[in-house]
Amino acid sequence: MLKLRHILLASALCISAPALADQRFEATLAGHAILPAFTMTLPPADAPRDALVSGKFAGPGNLRVDAPGSIMGDTGAMHGNRQTGIAFPFIGQPVQGFSGIKPVANESGHYWVLTDNGFGNRRNSPDALLMFHKIRPDWTTGQVALLQTTFLRDPLRRIPFRIAYEGTEQRYLTGADFDLESIQPLPDGSFMIGDEFGPFLIHM
C-alpha cells in the first residue's frame, strides 16, 4: 500500500561556530566491506518486460539505445571522463548507488539501504525500478550480502499523477516518477521514504 504526502519545506538559518584549523581528531578504521558497483538484480516476474533492460536512455541526449553493454560508462566531465569499465544498458536493475541507510530493528549487523532514482534524473531513468534492500556487511571478510530486495509499486493507484508504467496492472515505480533520498522504518513494519522531486513523503 502506498500513501503520498506532499511536504512543504521551510528555510532555516543555520548559525555555527567557525571550524578551528588546528583541531585534530585521531581515528582508526575498524573495518570496511564493499558491495561491487556492478551488482545487479532482476525485476519481479510481473514487472513490465521493458524493465529487464535498464539504462536505455542514460546515453548521450537521452536517446534510446536497446543493445545491452553498448555504451561504456565514464566518470563524467568533472572527473576527467575516465572510463569505468562498466557498460550500459544493463540486463537487470543496478542495486547501487545508495541514498539512504538505516539499521534493521532487532537484527544486529543488518541494514536497510535505499537505491537512488536510477541514472541521475527523470529523463534517463524511466526504466530504473525504485527499490530498497536488506544487506549484511561482514567487516571481517569485506563482503556485503544482499539479502532482500523490495520493489515499490502502486497497484491501488494512490499516486495522483501519471507514472512511467501507468498502463500496467502492478504499476511499478521508476526513477522518472520519484527520486528517493531517505528511508525510515516504522514500528509497524512499514516505511516512510523521502522523495526529492515533489518533495513527497511516501508511506509504503
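Rounded to whole Å and ordered largest first, report the semi-axes of the equivalent ellipsoid of the stretch 11-130 derived from its Cα gyration tensor (root of 5λ).
Its equivalent ellipsoid spans semi-axes of 33, 21, 17 Å.
Two-decimal Rg/Rh of the stretch 87-204 from alpha-carbon positions, Kirkwood Rh?
Result for the stretch 87-204 is an Rg/Rh of 0.98.
Mind checking which of Leu130, Ala33, Tyr165 is farthest towards the positive end of the chain's charge dipole, using Cβ charges of +1 (Lys, Arg) and -1 (Asp, Glu) about the Cα centre?
Positive-most Cα among the choices belongs to Tyr165.
Using just the Cα positions, wrap the stretch 71-123 in a convex hull and report its mean projected area in square nanometres, one decimal place.
On the way: hull surface 22.1 nm².
Across all orientations, the stretch 71-123 yields a mean hull projection of 5.5 nm².
Please report the carbon-and-sulfur percent of the accessible area for the stretch 107-192; probe 1.4 Å, protein heavy atoms only, DNA, RNA and ligands left out.
Here carbon and sulfur together make up 47 percent of the probe-accessible area.
Placing +1 at every Lys and Arg Cβ and -1 at every Asp and Glu Cβ, with all other atoms neutral, what dipole size does the chain have around its Cα centre, in debye to the nearest 20?
Here the size comes out at about 300 debye.
Cut-off 17 Å, label point 7 angstrom out along Cα-to-Cβ of Arg162: give me the residues of the stretch 112-136 whose amide nitrogen falls inside.
122-127
Apply the a/c threshold of 1.5 to the C-alpha gyration tensor of the chain and tell me whether it is rounded, prolate or oblate. Don't skip to the end; give the middle numbers.
Working: a/c = 1.41, a/b = 1.20, b/c = 1.18.
In terms of gyration-tensor shape, rounded.
With no solvent and one point per C-alpha, what does the Debye sum give as log10 I(q)/I(0) for the stretch 32-92 at q = 0.18, 0.22, 0.27, 0.30 Å⁻¹?
For the requested q values the scattering log ratios are -0.74, -0.97, -1.16, -1.24.
Under a 1.4 Å probe, what is the accessible area of the stretch 76-204 per residue, stated in Å²?
Per-residue value: 50 Å².
The values are calculated or read from the model by the stated rules, or taken from the named source; none is laboratory data. Quick caveat, the model's predicted, so the values are computed rather than measured. Here Cβ is always computed from backbone atoms with ideal geometry, including for glycine, and neighbour counts include all displayed protein chains. For accessibility, only protein heavy atoms count, side chains too; no ligands or nucleic acids. Shrake-Rupley method; radii C 1.70, N 1.55, O 1.52, S 1.80 Å.
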